[in-house]
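Right, one structure below, let's go through it.
The values are calculated or read from the model by the stated rules, or taken from the named source; none is laboratory data. Everything quoted here is computed from the prediction, not taken from an experiment. FYI the Cβ positions are ideal-geometry reconstructions off the backbone, even for glycines, and counts take in every protein chain you see.
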Amino acid sequence: MERDFSELKMISYAKWLLVLIAVIAIILQSVSGRSSSTEIGEMKDKVTAQADLSKMQEGDNQMIRRLYGLDVSQFEGVVLYYPVTNMGAEEILLVKMKDKSQQAEVKAAIEKRLDTQKKSFAGYGADQTAMLEKSITDIHGNYAFFGCGEQPEAMHQAFRKAY
């Protein structure tokens with residue numbers, strides 16, 4: 001009899017623990033996945049203020065499609081800065097998605113671009129490879145950030161603050 005009561009008590013505790021874990025998971029998901037109302041132009045200004053743009057040029061829709069395979073018309077906004085020369089690895093990509101369902105597509109595009117760049121510089125571009133290794137990708141809510149440069153942390157912090 002006492003054993004049955006103890007087992008029921010344990011089951012009750014386990015149920016409450018599962019409910020608590022589920023509530024915490026829902027709260028964390030909603031906080032980390034919230035959408036930003038920051039306009040793409042404002043985001044661009046904040047992030048590029050922390051970047052050395054002397055080695056980069058702004059990309060148009062055609063260049064975004066060529067380098068990332070993304071159709072700009074499918075997003076609220078896309079900003080790309082890419083290297084002036086083929087020997088550079090400095091790059092910034094900002095994507096404001098229409099909704100979070102686009103996160104996987106954007107993340108895959110960034111990963112593919114990063115992989116292509118690493119293969120391009122393998123064996124001879126030690127500085128560029130090191131830069132690519134410390135690049136930062138952040139998919140957060142309805143925004144995506146990819147930063148590659150001498151100090152990607154500063155650009156990333158500006159992205160997070162502007163978000």
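So here's what we get for this one:
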item: Residues that are in contact with a Pro (Cβ under 9 Å, 6 or more places away or on another chain) and at positive phi, drawn from the stretch 120-163; result: none
item: Filter result (closer than 19 Å to residue 35 by Cβ, assigned to a strand (DSSP E or B) and of a type outside the set (Phe, Trp, Tyr)) within the stretch 127-162; result: 137, 138, 139, 140, 144
item: Long-range neighbours under 6 Å by Cβ, at least six apart or interchain, first residue touching a residue at least 12 places away in the same chain (Cβ under 8 Å) within the stretch 70-89, second of a type in the set (Val, Ile, Thr) and surrounded by 13 or more Cβ atoms within 10 Å (Cβ to Cβ); result: 70/64; 75/95; 77/40; 78/64; 78/72; 78/95; 80/64; 81/92
item: All positions within the stretch 130-141 that are buried (at least 17 other Cβ atoms within 10 Å of the Cβ) and modelled with pLDDT of 95 or more; result: 131, 132, 135, 137, 139
item: Filter result for the condition that a residue is buried (at least 18 other Cβ atoms within 10 Å of the Cβ), modelled with pLDDT of 95 or more and closer than 19 Å to residue 50 by Cα, over 154, 144, 109; result: 144
item: Test for residue 87: is it hydrophobic (A, V, I, L, M, F, W, C) and either under 17 Å from the mean Cα position of the chain (by Cα) or not in a loop (DSSP other than H, G, I, E, B) (or both); result: no
item: Among the candidates 21, 27, residue that is at negative phi, at pLDDT below 80 and of a type in the set (Val, Ile, Thr); result: 27
item: From 62, 50, 57, 103, residue being at pLDDT 90 or above and part of a loop (DSSP other than H, G, I, E, B); result: 50
